[in-house]
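Nothing in this text is a laboratory measurement; each read-out follows from the coordinates by a stated rule. Since the model is a prediction, treat every value here as computed from it, not as a measurement.
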């Protein structure tokens, strides 16, 4: 998957040069920022925040959504003039052992590994909490509804309801389980549920079959590459 930070950086650099601006001049015009910050953005090391994106877009005379790679239209469309969006981290299955730790580490700039950020709309951003993350599907258990390489937008703060697609991990299985949630009990203290696959070749799983079974979040959207 393409690193969205690098794409955002490329767009900032191309539009800056088209205006004949140096990094220092762009930083000055965009609210008195520091030149190294602009350089970090253009190199894909860091990503501008929503307010910084707005300032850059104003100076470069393009839409914030264009700089965020949420649209290929440089100029704002009447229907999306307030459309800025947000970025959430794409986590690996290994990072789901403690997703909140990795998310906070990425946001604080303390994570030194490669980071892929997923752009989402501002409308979708309003539906999720601070610990939302992206997750790429690696198996065929939910075909044809969900496919391998689909990227799911997962909200850990949403309480799953019957019929929702959820992300689950257990202590005795290193793999991430993505299934449709079926509630089996109404007790909050001893909650029992079943995880249903849409692929008929994959069996259903009941929560009591998994050691330390934990629902990590509810899927609220997906991103799919069109071949």
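At a glance:
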item: With Cα atoms, 0 to 90° folded angle of helix 4-18 axis to the chain main axis; result: 10
item: Acute angle (nearest 10 degrees) that the helix 50-60 long axis makes with the longest principal axis of the chain, alpha-carbon atoms; result: 30
item: Convex hull volume per residue for the stretch 91-141, taking Cα atoms only, in Å³; result: 113
item: Largest to smallest principal axis extent of the C-alpha atoms in the stretch 4-83, angstrom; result: 34, 23, 22
item: Relative contact order (%) - the stretch 85-227, alpha-carbon pairs under 8 angstrom, separation at least six; result: 23
item: Convex hull volume of the stretch 102-227 per residue (C-alpha atoms, cubic angstrom); result: 139
item: Rg over Rh, two decimals, the chain (C-alpha only, Kirkwood Rh); result: 1.05
item: The chain, helix-only ellipticity at 222 nm - DSSP H runs n ≥ 4, -39,500 (n - 2.57), divided by all residues, nearest 500; result: -7000 deg cm²/dmol
